[in-house]
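Note sheet for the following structure.
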Amino acid sequence: MLHHERLRPPSQDYPADEWNLIEKRFHPEFLAQSETMLALGNGYLGMRGCPEEGGPNAESATLINGFYEIRPILYEEAAYGLAKTGQTIVGVTDSKIIKLFVDDEPFWLPDANLLHYDRRLNMKAGTLDRELLWETPGGKQLSIISRRLVSFADRHVAAISYRVTVLNAAAHVVISSEMAASEPSTNGDPNDPRQTRAFAGRVLHPRMNYAKDRRIALCHATRNSRLTLACVSDHTLETACPHVSKTVDKEDFGQVAFTIEAQPECPIDLTKYMVYHTSQTASPEELCGRAEWTMDRVVSQGFAGLLTAQEQYMNDFWHRSDVRVRDVWRDRAKRSTVEIQQAIRFNLFHILQASARAEDAGVPAKGLTGQAYEGHYFWDTEIYLLPFLTYTSPRIAKNLLTFRYRMLPQARARAGELGHRGAMYSWRTINGEEASAYYAAGTAQYHINADIMYALRKYVQATGDEAFLRDCGAEMLVETARLWVDLGFYSEAKGGKFCINSVTGPDEYNAVVNNNAYTNLMARENLRYAARTVEWLQAAHSEAYGALVRKTALESSEVEEWLRAAESMYVPYDDKLKIVPQDDSFLEREPWDFQNTPSEHYPLLLFYHPLNIYRKQVIKQADVVLAMFLLGNAFSPEAKKRNFEFYDPLTTGDSSLSSCVEAIIAAQVGDTERAIQYGMSALLMDLADVGGNVKDGCHIASMGGTWMMLTYGLGGMRDDDGMLSFWPRRAPEDHAILRFPVTYRGQMLEVEIGQEKVEYTLREGESVVIRHEAEEIELTWEHPMAVRPIGRG
């Protein structure tokens with residue numbers, strides 16, 4: 001089931017372009033959506049796509065990954081083990097403000113007479129570019145050209161190039177570059193659990209402020225999380241026009257105002273550099289000093305140097321990651337190749353912006369494009385983002401898995417609170433502690449443990465990084481396996497099978513159920529992988545095995561327990577329907593009345609009590625269908641088809657995480673129409689605002705799902721057994737081509753799928769072994785290409 005595209009602005013104002021998201025006219029009605037889609041970030045620092053002039057804004061957020069405040073979670077009726085404190089990402093100092101005044105009148109977009117308007121997210125250069133031609137009420141015409149970047153090469157740095165030229169007359173011009181401490185967001189809907197929580201008072205408390213010539217430093221700290229923030233801005237102004245400047249610094253505000261006697265056709269070039277540093281241990285003085293060291297380097301480098309480094313980073317990213325299409329889905333989706341290519345690159349670009357420099361942190365559900373979901377990290381990262389990162393940017397994938405390893409102490413503590421052995425990763429968190437107040441759809445999702453271990457296994461298989469498995473992964477595997485054995489039991493009612501009760505699967509519309517099929521299947525994989533890893537260490541790395549035993553007090557009998565539980569795992573099955581029920585009681589529930597549910601009542605979670613939803617056959621997001629994708633070898637093609645046809649009509653599409661997975665399974669079972677339908681929904685989730693909430697930030701996990709949909713779905717990529725293989729299918733259009741790179745075991749492979757054949761080319765590396773369908777192929781630097789026909793299946 002799908003919902004409609006909600007955002008349909010005039011095509012002439014948003015023309016399709018393969019490398020740019022272009023806005024040709026200022027549309028205040030799309031302000032919030034534009035801020036999200038035109039946001040810049042690098043995984044550490046993010047800035048929404050607001051105008052430089054300080055407004056108008058729906059949410060003028062500048063965010064730093066992992067910079068949060070703690071708040072108490074209050075319950076009218078408390079219970080043992082419920083989460084006690086929440087963590088909420090907070091906006092930091094807004095330093096991107098550059099206000100323009102001409103003859104003492106402000107430039108304000110909603111009121112301006114714009115003779116030309118062009119704003120674009122430049123996905124090739126990694127910048128937000130804008131060109132305006134403004135005619136003042138007095139008839140003076142000004143060219144305003146700006147370029148903004150958030151640096152990938154230096155994650156603490158952002159910069160703006162701002163050029164003003166009066167074209168037809170002299171004018172008195174003031175450019176006021178400002179920075180202001182952020183106020184708590186009040187835009188959230190208290191009835192929408194996806195929204196961020198507002199704080200009653202101020203969050204950023206001043207610690208120090210000072211100015212040196214055109215450089216300003218503001219330092220603030222949070223009270224409860226005890227995080228300190230230093231923001232420093234500096235400026236250069238180049239012009240032949242006479243000018244002076246004045247600097248102001250206060251606790252929450254800084255300003256450098258340039259007063260210029262502008263002459264016709266004489267450019268005024270302002271460059272603004274912005275540096276952010278955060279710490280939980282450094283003093284304000286030390287942190288400001290660090291920021292100034294960074295600023296000294298950046299100013300000496302200049303904007304041109306920053307831009308060159310940015311373009312080099314982007315070139316490398318697209319070399320490793322770009323998915324190119326020609327005529328794919330053109331006719332049936334009624335979208336041009338350019339539109340589809342633009343959507344693909346838009347999704348991949350925002351994944352990069354959410355993850356590239358997320359070092360010592362996770363990836364928030366909205367990246368750094370908005371504050372929804374409070375900046376929390378979920379299982380989405382491991383299941384939807386890690387595949388793309390593992391096969392294109394394995395260093396980033398390793399960083400994210402390392403972050404999970406560093407959260408292991410908190411996971412052990414959380415397991416203890418829940419009365420379990422081992423470790424239990426928090427459902428939603430920033431600092432590792434559980435921040436979900438609703439345990440039924442939060443803490444009960446024990447599958448997060450297996451999701452993280454699944455991502456670990458895929459990473460190790462794709463990269464060959466056995467050192468990470470030995471030094472970090474094995475310890476996580478031991479503790480998560482312990483939890484499953486402690487959580488489940490051998491049920492006489494199920495013929496002695498190992499059962500796991502009172503859990504919630506990925507589908508949050510069916511909570512606290514017994515034997516959720518997805519959870520049991522993924523737990524089985526977790527247990528098997530833990531056992532294999534311990535046995536491997538014991539046989540091949542005795543010192544590492546000894547260290548693991550010392551760290552975890554592992555006993556040899558535990559491995560036998562894991563294997564017994566795995567082999568005895570109960571997986572529901574209905575002999576009559578010949579499907580895998582989502583849980584023990586799913587088939588006993590009354591089907592949801594979709595026919596009489598108004599379209600405006602989706603997502604259901606905003607219009608119906610949870611109990612009303614829980615007692616019905618209705619699905620928020622792919623659950624069994626997701627298991628069929630992740631554990632493809634556990635289902636025959638016929639079983640996939642039966643399960644997909646059963647669950648598809650029951651799935652609401654209320655989660656952005658469904659469409660991509662449904663597209664993959666539809667492609668695998670040969671349902672081309674639904675594969676295209678769901679695939680386009682995934683591709684356009686944000687560009688067309690399919691979920692109706694892009695104003696709150698991009699759906700980063702869904703964006704990762706678009707890559708999976710293209711490579712695993714259309715490309716037929718498989719990695720179930722540890723070897724990379726491809727079972728591509730013909731596209732329905734003549735002359736269609738899909739081309740994508742994959743980094744596998746340190747080698748770069750390019751796959752090009754046409755109508756009749758597929759070409760495999762080794763682009764970088766010495767040799768790689770893959771499979772085309774059942775045939776094993778070795779590519780070497782001497783023989784780097786293989787061409788094979790596409791099967792008829």
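The values are calculated or read from the model by the stated rules, or taken from the named source; none is laboratory data. What you see is a predicted model, and the numbers here were worked out from it, not measured in a lab. In this analysis, Cβ positions are derived from the backbone assuming ideal geometry, glycine residues included, and neighbour counts consider all displayed protein chains. In case anyone asks, the SASA skips ligands and DNA or RNA and just uses the protein heavy atoms, side chains included. Shrake-Rupley method; radii C 1.70, N 1.55, O 1.52, S 1.80 Å.
Key figures for this structure:
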read-out: Qualifying residue in segment 30-38 (condition: touching a Cys at 6+ places or on another chain (Cβ under 6 Å), open to solvent by 10 Å² or more (accessible area, probe 1.4 Å) and at pLDDT below 95); value: no
read-out: Residue among G722, G704 that alone is at pLDDT below 95 and either of a type in the set (G, A, S) or in a loop (DSSP other than H, G, I, E, B) (or both); value: G722
read-out: Set T480, T429: member being surrounded by 22 or more Cβ atoms within 10 Å (Cβ to Cβ) and out of contact with any His (no Cβ under 7 Å at 6 or more places or on another chain); value: T480
read-out: Residue match in segment 493-509 (condition: open to solvent by 10 Å² or more (accessible area, probe 1.4 Å), over 34 Å from the mean Cα position of the chain (by Cα) and hydrophobic (A, V, I, L, M, F, W, C)); value: yes
read-out: Any hit, segment 412-431, residues being of a type in the set (V, I, T), assigned to a loop (DSSP other than H, G, I, E, B) and at pLDDT 95 or above; value: yes
read-out: Of the criteria (1) under 17 Å from A39 (Cβ atoms); (2) at pLDDT below 95, which one V363 fails; value: (2)
read-out: Residues located in segment 590-604, provided they are surrounded by 10 or more Cβ atoms within 10 Å (Cβ to Cβ) and either over 15 Å from T652 (Cβ atoms) or among the acidic types (D, E) (or both); value: none
read-out: Condition met for E778 (assigned to a strand (DSSP E or B) and open to solvent by 90 Å² or more (accessible area, probe 1.4 Å)); value: yes
read-out: Segment 646-674 - residue that is within 29 Å of M723 (Cα to Cα) and out of contact with any Phe, Trp or Tyr (no Cβ under 9 Å at 6 or more places or on another chain) and, of those, surrounded by the most Cβ atoms within 10 Å (Cβ to Cβ); value: T672
read-out: Matching residues in segment 251-296 - criterion: being without any contact (Cβ under 8 Å) to a residue 12 or more places away in the chain and of a type outside the set (S, T, N, Q); value: E286, G289, W293, D296
read-out: Candidate set from segment 746-774 (those that are outside any strand (DSSP E or B) and either exposed (fewer than 15 other Cβ atoms within 10 Å of the Cβ) or in contact with a helix residue (DSSP H, G or I) (Cβ under 7 Å, 6 or more places away or on another chain) (or both)); member that is modelled with the lowest pLDDT; value: Q755
read-out: Sole exception among (1) open to solvent by less than 10 Å² (accessible area, probe 1.4 Å); (2) over 14 Å from T36 (Cα atoms); (3) part of a loop (DSSP other than H, G, I, E, B) for A688, by number; value: (2)
read-out: Enumeration of residues in segment 631-667 that are β-branched (V, I, T) and part of a helix (DSSP H, G or I); value: V661, I664, I665
read-out: Pairs with Cβ under 7 Å, 6+ apart, first in segment 608-629 and without any contact (Cβ under 8 Å) to a residue 24 or more places away in the chain, second open to solvent by less than 40 Å² (accessible area, probe 1.4 Å) and of a type outside the set (G, A, S); value: none
read-out: Check on D234, outside any helix (DSSP H, G or I), over 22 Å from L218 (Cα atoms), touching a residue at least 24 places away in the same chain (Cβ under 8 Å) and not basic (K, R); value: no
read-out: Segment 63-72 - residue that is among the hydrophobic types (A, V, I, L, M, F, W, C) and under 20 Å from A200 (Cβ atoms) and, of those, surrounded by the most Cβ atoms within 10 Å (Cβ to Cβ); value: F67
read-out: Qualifying position, being farther than 29 Å from P637 by Cβ, in a helix (DSSP H, G or I) and within 35 Å of the chain's Cα centre (by Cα), among T533, T519; value: T533
read-out: Qualifying positions in segment 696-710 - open to solvent by less than 10 Å² (accessible area, probe 1.4 Å) and not small (G, A, S); value: C698, I700, M703, T706, W707, M708, M709, L710
read-out: The lone exception for N514 - which of (1) surrounded by 24 or more Cβ atoms within 10 Å (Cβ to Cβ); (2) farther than 18 Å from T480 by Cβ; (3) in contact with a strand residue (DSSP E or B) (Cβ under 8 Å, 6 or more places away or on another chain) it fails; value: (1)
read-out: Selection from segment 763-785 of residues that are touching a residue at least 12 places away in the same chain (Cβ under 8 Å), in contact with a Leu (Cβ under 9 Å, 6 or more places away or on another chain) and over 21 Å from W707 (Cβ atoms); value: G765, S767, V769, L779, T780, W781, P784, M785
read-out: Pairs with Cβ under 6 Å, 6+ apart, first in segment 157-180 and in a strand (DSSP E or B), second open to solvent by 10 Å² or more (accessible area, probe 1.4 Å) and of a type in the set (V, I, T); value: S161/T271; R163/I145; V174/T259; E178/I97
read-out: Residue list for segment 480-525, filter: among the charged types (D, E, K, R) and farther than 15 Å from Y573 by Cα; value: R482, D486, E492, D507, E508, R524, E525
read-out: Selected residue (only one of S95, S60 is among the hydroxyl-bearing types (S, T, Y), closer than 28 Å to A217 by Cα and open to solvent by 10 Å² or more (accessible area, probe 1.4 Å)); value: S60
